[in-house]
Each structure stands twice: as C-alpha cells, then as structure tokens.
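I have placed the structure first, in the form of structure tokens, so that the comments after it can refer back to it.
The values are calculated or read from the model by the stated rules, or taken from the named source; none is laboratory data. Small disclaimer: the values here were computed from a predicted structure and weren't measured. Please note that ligands, DNA and RNA were not included when accessible areas were found on the heavy atoms of the full protein model with its side chains. Shrake-Rupley method; radii C 1.70, N 1.55, O 1.52, S 1.80 Å.
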Amino acid sequence: MRRCDVITSVALAVLVLLGGGTRVQAQAQGRMSDEELVRSLDDQERVAALKRDVAALQRLWSDQFTVNAPNNQVVVGKAAVLDTFVRAGVINFSSFERQIEFVRVDGDLVIIMGLETVKPISDAPSAGLVAGQVVKRRFTNIWKKEARTWRLFARHANVIPTRDH
C-alpha cells in the first residue's frame, strides 16, 4: 500500500468515527446553546432589575414567577413580585453584579446558581438593606421554557451574613 493510500484510509476511518458521534455532538451543542441563551437572559434580567425596567422584567419573568426573597418572604406571581419588590422600592440598587458558579440544563429547565453583590440606593428595612451598604447573597434562578421562550420561573436569594471582627 502506498503512503498516500494509507493516509486516505486513516482519514476515512477518522471521518467515519467522527460521523458516528455527530448526533451526540449536535445534542451537546443544543444544550450548550440553551445554556448560552439563558445565561444571556439571566444577565438581561439582572440589568433590568438594576434599571428597574418593568417592561423588560415583565417580558423576562413567567406569569407564575415565584420568589423566596432575602427578607424571608415568598411572593407568587409576576404582578405580585413587581408590586412587592420593584414598585415598592426594595429593588433599587446603584450596582448589581452576578457571578454564575453553576448551570444545569435539564430539558425545559435551566438552573443557575452563584453569588450576587448589590448596593442599595435607599433603605429597605424589611429586606435588611441599608443605603450604600454592599450586600452579598447566594442566589438560585430557575428558568423554564414556556411556549418556546425562556422565562425566569423561580428564584431564591439569601444574604450572606457579615462577620463581626
């Protein structure tokens, strides 16, 4: 066998082997694209909360949006969450950063977990927020695909207590 024929045979064998994994690759890319899309939407939601952009939040949140908030209150429904936290001024930050530490895509659900750092503009005593005081909290956001669109479906956040020295 000539060297050229050997190289061609090896190349064909590699293509056949890679071709067998095409479906697995496509499935992985599909999950990855859902992850990338939801990561982008999660950041849009963070920015909308920072700007108190009600129209964007209404677009991004599920009608059944449920929040287990740092003030130990569970609020159910997009309208109730908007009234309780956005319109009441609890969500009113000069800065709001989110560090994603974990993402899991599972069918029509995407779970995002990590660390948030917020700096409130005004006091919100019921939520333990003091104007100008940086607050760090752990968060979990659960996104759900609803009618071919991803929406924030459930959220939990809790404040990380500061240590007195």
Whole number in Å², please: accessible area per residue of region 73-147, 1.4 Å probe, ligands, DNA and RNA not counted. 49 Å²
Using the Karplus equation 6.51 cos²θ - 1.76 cosθ + 1.60 (θ = phi - 60°), what ³J(HN,Hα) coupling, rounded to whole Hz, does each residue of region 53-64 give in order, writing x for Gly and Pro? 7, 4, 4, 5, 5, 4, 6, 8, 8, 5, 4, 8
